[in-house]
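Asks: The structure follows.
Read the figures in this text as sums done on the coordinates, not as results from a lab. None of the values given here were measured: they were computed from a predicted structure. All Cβ positions, even for glycine, are placed from backbone atoms using ideal geometry, and neighbour counts span all protein chains on display.
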């Protein structure tokens, strides 16, 4: 109720380019609002359709590079709210001319829809689109830069699983240097009283600007190369280490196996540890981990729909606009 | 009414991996239920929308290989019932990582939708998906293995056109060896008192296990190489002979023309003969046959939507769930 | 009201293959009806959903070659009216067999939907499809032949912007020889008392048959190579000059820059000049022109949705059928 009113004010008609554009209060309002869109109870999908608050509204999806999970998650969110989607899943099968500027494309597409989700290989593309468009633009990932809805769903997942964000010890493991997800979530967690720890290979350590920011805020906990050295953790956020980051394939193979978690590696961290991963995983998390009560990466993926439902409904004024909040 | 109640019990929440998983009663309940979804009267489409029993429900379509007819037929069925669809039409334009297992993909996608249609090049993929998923999985074809909704629509088409299934003489012509459609339909027809005949080249005869099964059941009629030698027929099911089956292209050309039906070839079989073909046809059925009253292959294609509407509505509890049966 | 009744009679159940198939009265009835579907006020999108007059209806989109703008514009129109869409965006990712005839494909697809939009590289494809199909076929462009909905939206845009069509001086600039858009719009404007002028390079002049037609009708005004020589204009319709038309790339570069409009080139034509372009533009219209009050090419693009909404609703009997006209 009050959540929606508050969040509605913060999000109605607004573009979402970076999680950093939103205050702590705005983020909390979104996370609160999202709860009422959650269709899973103990991981079991509910078959109760939600009110069709976005009926007749159209979401445009412009994926200049493929990202099937992000696309389908946004589509599911929009469709569940009674809305519709259009667009393209891959610029290679779009006839949007390479000769046409992104600005022109946005001006054309805003005529087809009520909001745009943009996935683009170039950093800054979403910011530019948001400045030009007369409909809200949601950044579905612009290069290695931002992916704000991933950050929101990560925060939602941790908060729902752990009960709160303040007081948590959160460990990030894997590619700390290039991982967009890690940077954005760590940055957003600065709003809260958390202890952030980082586990990864020497050559994929945190970028110095982010390390500086965390240090200044007094949030930087351990930076270690072994999970065993990280100490207590409430949350472990595992990311993929990409082969392309290693000039020597042998180095990759060594590192890859060093940052793979299985039941044995996780045992010392206790039963309450929550394990997240943005998916897809290759082998960073052994499948034997899936059955642990704290393995919530598939829940995290489902939360992507929940949080995007809340976001779309708030931005497009669905529930609030229908006077039904 | 009673049909829906019965079929509803058999199908609600259930995966459809193989037609062989369903009893004769269950199949008949589905075929009975399907009648009320038929929007064609004498082949003319009706413009009366049906009740939107699946409003707010989402069907996920995961086509790891393209099959445009199957995909569009399922989409049409879901959309006509007021539901929505999402997914991908071709794995080549999906970013589902080759490194991700099918099990992981299914666990992610079940978070986006209420049921999944899976088309996959590998035999057994649908069975695996159905075991893992917490939403129903409908097999849209797994390699050369199963395509159960094709079998259901074939049975529906024959039954509606001929009035009943018991007592029919059904001939299969073309590729009897590799034709998934032939095997699955012949197998399903074992539930009924039918006489099955097979017309095809020596090198594309029935697989021995299916022949054994038919023989044991006392259903195996003629096995011949010429249509003229098959005797009386009520139904002729023609399939495509694929070039790739023949090492020598000349052999293919000879066979291809030998198993092509035109008005002259069909004349001896009489006016009541019903002619089916799973489509697309290349030249197995001459276009001059299209105007014969028994040429029902386009009706058969349209029935694909009808039967899939019934199936989706029953599985997802639409009509029954709305208490409107 | 009366508009819809009139237009409804002319368009209900009808295929749209060529603008030339429609009388002046029919075209005016469509343009009148379209006004009530316009969701833009002074270029600002309205977030009021329109009545879902096509709920439960399905539009099939068969794009045998990609044309993202045309496809998305039709999709937006159908979705806004509460309908659904299915189909494929590119024949390369469809499995419609190259061995299957267009006639067979249409007969299959008409079973999936209530109307078909066909985009096809071959001239005459839409006419053939419309003759075969038992549902209406809308031509979304067949080779270099026809693209009737583009012509309707161009007429609508000019009429809404200029207040009327009679009495206008309309200049076409760019590729006059191969431009399908130019030919079709010029031809449709013959219904009205207009003065048509043509500005383009020597080697891309009007085809002789169209010139003859215009001359005979007394509508052919200036044919010049420089915009400065065209005299007064109320409307300037700019089109792209395609590189492929020029054997010598240097010739292309010369011509390309000669037919590029900027503020300086447009200044002598006055503030009331309306500038149209079918988009995408490469550099034919300088971006500094975008802010001129007469630069209505993005409005023109948005009108594509408006006019297609009217057309689909009339053809499928939505508003009229609902008795709500």
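Asks: Under the rule a/c < 1.5 gives rounded, and otherwise a/b versus b/c splits prolate from oblate, where does the range A:168-286 land using the Cα gyration tensor? Spell out each step's value before the answer.
Replies: Details: a/c = 1.78, a/b = 1.19, b/c = 1.50.
Verdict is oblate for the range A:168-286.
Asks: Extending each Cα 7 Å along its Cβ direction at residue A:9 and residue A:123, get the distance between those two points in nm, one decimal.
Replies: Those two pseudo-labels are separated by 3.5 nm.
Asks: May I ask you to sort B:158, B:296 by Cβ crowding, counting other Cβ atoms within 10 Å and putting the fewest first? Before the final figure, lay out each step's value.
Replies: On the way: B:158 27, B:296 22.
Ascending Cβ contact count within 10 Å gives the list B:296, B:158.
Asks: For labels at residue B:103 and residue C:23 in the simple 7 Å Cα→Cβ model, what's the distance in nm?
Replies: About 7.0 nm separates the two model spin labels.
Asks: Restricting the count to DSSP beta bridges whose residues both fall in the protein assembly as shown, what percent are antiparallel, rounded to a multiple of 5? The partial results should precede the final answer.
Replies: Working: 6 of 102 bridges.
Just about 5 percent of them are antiparallel.
Asks: Please give the contour-minus-distance gain from residue A:225 to residue A:292: 0.36 nm per residue of separation, less the Cα-Cα distance, rounded to one decimal in nm.
Replies: Working: separation 67, 0.36 × 67 = 24.12 nm, distance 2.42 nm.
Answer, rounded to one decimal: 21.7 nm.
Asks: Further, regarding this structure: Take C:114, C:195, C:166 and order them by how many other Cβ atoms sit within 10 Å, fewest up front. Write down the numbers at each step before the final one.
Replies: On the way: C:114 27, C:195 19, C:166 10.
Listing C:114, C:195, C:166 from fewest to most nearby Cβ atoms yields C:166, C:195, C:114.
Asks: Still on this structure, please answer the following. Which distances in nm, rounded to one decimal and ordered from shortest, link the label point of residue C:267 to the equivalent label points in the other identical copies, with labels set 7 Å from Cα toward Cβ?
Replies: Values, ascending and in nm: 8.3, 8.3.
Asks: Which FRET efficiency, nearest 0.05, do residue A:36 and residue A:217 yield, Cβ-Cβ r, R0 22 Å?
Replies: Numbers: r = 32 Å, r/R0 = 1.45.
Calculated transfer efficiency: 0.10.
Asks: Here's a follow-up. Give me the orientation-averaged projected area of the Cα convex hull of chain C, in nm², one decimal.
Replies: So the Cα hull casts an average projection of 16.8 nm².
Asks: Right, next: What's the average, rounded to a whole number, of partner chain beta-carbon atoms within 10 Å of each residue's beta-carbon in C:237-244? Before the final figure, lay out each step's value.
Replies: On the way: counts 0, 0, 0, 2, 0, 0, 0, 0.
That works out to 0 on average.
Asks: Right, here's the next one. Please give the residues of the range B:186-200, grouped as numeric ranges, whose backbone N is less than 14 Å from a label point set 7 Å along the Cα-to-Cβ vector of residue B:232.
Replies: Those under the cut-off are B:194-196.
Asks: Considering only the label points, 7 Å along Cα→Cβ from Cα, what distances in nm to one decimal separate residue B:203 from the same position in each other copy, shortest first?
Replies: Residue B:203 label point versus its equivalents elsewhere: 5.4, 5.4 nm.
Asks: What nm distances, shortest first, do you get from the label point of residue A:244 to those in the other copies when the point sits 7 angstrom along Cα to Cβ?
Replies: Copy-to-copy label distances at residue A:244, shortest first: 3.1, 3.1 nm.
Asks: Shifting gears a bit: The range C:267-298 to the range C:149-193: how many Å between their Cα centroids?
Replies: For the range C:267-298 versus the range C:149-193, the Cα centre distance is 15 Å.
Asks: Given springs between every Cα pair under 10 Å in a Gaussian network model of chain A, which of A:304, A:140, A:82 has the largest fluctuation?
Replies: A:82
Asks: Using a/c under 1.5 as the rounded threshold, could you call the protein assembly as shown rounded, prolate or oblate? The axes a ≥ b ≥ c are square roots of the C-alpha gyration tensor eigenvalues, and prolate needs a/b larger than b/c, oblate otherwise.
Replies: oblate
Asks: Can you compute the modelled spin-label distance between residue B:134 and residue A:203, with each label point 7 Å from Cα toward Cβ, in nm?
Replies: 4.1
Asks: Right, another one. Based only on other Cβ atoms within 10 Å, what is the fewest-to-most ordering of B:147, C:6? Could the numbers behind the result be given before it?
Replies: Details: B:147 27, C:6 18.
Going from least to most buried by this count: C:6, B:147.
Asks: Looking at the square roots a ≥ b ≥ c of the eigenvalues of the Cα gyration tensor of the range B:129-203, which shape do they give, rounded for a/c under 1.5, prolate if a/b is larger than b/c, or oblate? Provide the component values of the computation, followed by the final result.
Replies: Working: a/c = 2.86, a/b = 1.42, b/c = 2.02.
Oblate.
Asks: Let me ask something else about it. What average number of partner chain Cβ atoms lie no more than 10 Å from the Cβ of the residues making up A:66-77?
Replies: Working: counts 6, 2, 12, 10, 1, 5, 13, 4, 2, 8, 9, 1.
Across A:66-77, the average partner-chain Cβ count within 10 Å equals 6.
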